[in-house]
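Shown next, in structure tokens, is the structure this report addresses.
The values are calculated or read from the model by the stated rules, or taken from the named source; none is laboratory data. The structure presented is a predicted model; accordingly, all values stated were derived computationally and were not measured. Cβ coordinates were reconstructed from backbone atoms using ideal geometry, including for glycine residues, and neighbour counts include every protein chain displayed. Only protein heavy atoms, including side chains, enter the accessible area calculation; ligands, DNA and RNA are left aside. Shrake-Rupley method; radii C 1.70, N 1.55, O 1.52, S 1.80 Å.
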Amino acid sequence: MREGWRAGAGGGAPLVSRTVFAAAHVVADPLADTTPDGPAAIDWDATLAFRRHLWSHGLGVAEAMDTAQRGMGLDWPGAAELIRRSAAEAKAVGGRIACGVGTDQLTAPAATLAEVTAAYEEQLALVEATGAQAVLMASRALAALAKGPDDYLEVYGRLLRQAGRPVVLHWLGPMFDPALAGYWGSDDLDTATGAFLDVVAAHPDKVGGVKVSLLDAGREIALRRRLPDGVRCYTGDDFNYPELIAGDEHGYSHALLGVFDPLGPLAAEAVRVLDTGDTAGFRAVLDPTVELSRHLFAAPTRFYKTGVVLLAWLAGHQRHFTMLGGLQSARSLPHLARAYELADGLGLFPDPGRAEARMKGLLGVYGVEQ
């Protein structure tokens with residue numbers, strides 16, 4: 001088990017050298033009488049407590065995004081309430097927050113780009129009204145309707161022109177959501193990258209950053225070197241984040257990562273080491289976590305949320321292993337057992353005995369005799 005840090009180490013002092021957001025999961029209400037396709041039933045107290053945990057380590061919270069099961073159990077009414085509550089909590093504790101803006105209130109296929117744009121506008125208005133920074137997420141509706149790069153330029157151009165403050169543009173690859181294949185108008189990633197950068201170049205005053213989730217370190221590095229001055233690159237690469245955050249002689253990535261949900265204290269510790277200029281020390285803290293992250297995000301990647309919530313339960317951040325839409329069943333027992341072993345080896349559990357007892361209980365439910 002890894003030694004050298006304790007929960008709360010470093011306090012909530014701001015991180016200096018990098019801006020770091022943890023994309024946070026939601027805690028389901030295990031007693032709600034609902035169905036997998038019914039409205040999201042959320043345990044608000046536990047959900048907000050977990051955000052306070054992340055803020056207490058100096059991390060920002062990326063709210064209502066993929067890690068929160070957006071489009072995989074979290075519907076738009078639930079997401080809207082989550083945004084309002086989390087933004088209010090952020091103000092109360094002085095925490096940094098960015099919130100996802102999408103088009104998931106469209107429950108039927110959109111017929112026109114105007115419908116997609118209007119859906120984005122509704123969500124953008126809500127997020128900006130809370131005072132949170134907006135993250136313009138990739139839209140399944142736009143991916144299904146767009147005929148090419150020009151359609152993306154049209155929709156995003158209108159949104160960026162009316163944004164009240166700089167936003168983060170999010171490129172989520174199809175490994176996270178198969179419905180987003182061909183985003184930015186092409187299955188060819190070089191062509192798609194060109195269209196993505198055209199949107200940024202046309203509105204550099206309205207794009208504060210881009211978030212890239214393609215699980216391809218080389219492509220992210222090449223893209224960030226082409227960004228206009230002042231536009232940040234936030235890595236969403238849960239396979240290669242240590243090297244991307246550390247950077248090279250040409251620059252570095254900030255972070256907006258789902259894996260920083262379970263790795264919050266370690267991630268904050270690593271960046272504080274980096275704040276001192278000790279890149280090798282940063283890598284020494286964070287590199288050992290990559291095996292766990294690659295396991296959690298193994299194909300089919302979109303089910304990584306199951307492992308994230310398992311670890312939150314084992315770490316004592318919630319009292320049950322239940323997820324929106326019944327997604328706790330999306331990973332196999334061997335996968336979950338290996339996630340426990342890797343997390344325990346990193347010292348991620350404040351109370352290892354409780355984590356072990358809970359994991360044994362889960363194994364017992366599956367009929368594993370110990």
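Annotations
- Rounded percent of accessible protein surface that carbon and sulfur make up, region 232-370, 1.4 Å probe: 51
- Dimensionless Rg ratio for region 220-370, taking C-alpha atoms and the 2.2 N^0.38 Å reference: 1.16
- Charged side chains reduced to their Cβ positions (Lys and Arg at +1, Asp and Glu at -1) give region 1-126 a dipole of some 840 debye around its Cα centre.
- The long axis of helix 333-345 is offset from the longest Cα principal axis of the chain by roughly 80 degrees.
- Spatial extent of region 38-93: Rg and Dmax, with the Cα atoms as the point set, Å: 11.1, 35
- Considering only 195, 110, 59, and ranking their Cα positions along the charge dipole of the chain that arises from unit charges at the beta-carbon of Lys, Arg, Asp and Glu, the one farthest toward the positive end is 59.
- Between region 243-312 and region 148-215, the alpha-carbon center distance in angstrom: 24
- Mean projection area, nm², convex hull over Cα of region 50-161: 7.1
- Straight-distance candidates among the aspartates and glutamates for linking to residue 91, with alpha-carbon spacing under 17 Å and chain neighbours fewer than 8 residues away dropped: 45, 63, 81, 128.
- Most mobile listed residue (242, 334, 288) in the chain, GNM with C-alpha springs under 10 Å: 334
- Whole-Å semi-axes of region 274-339's equivalent ellipsoid (Cα gyration tensor): 28, 14, 10
- The chain: antiparallel DSSP beta bridges as a percent of all, rounded to 5: 5
- Rg and Dmax over the alpha-carbon atoms of the chain stand at 19.6, 61 Å.
- Rg to Rh, two decimals, where region 179-227 supplies the alpha carbon set and Rh follows Kirkwood: 0.95
- Per residue, the solvent-accessible area of the chain (1.4 Å probe, heavy atoms of protein chains only, all protein chains present) comes to 39 Å².
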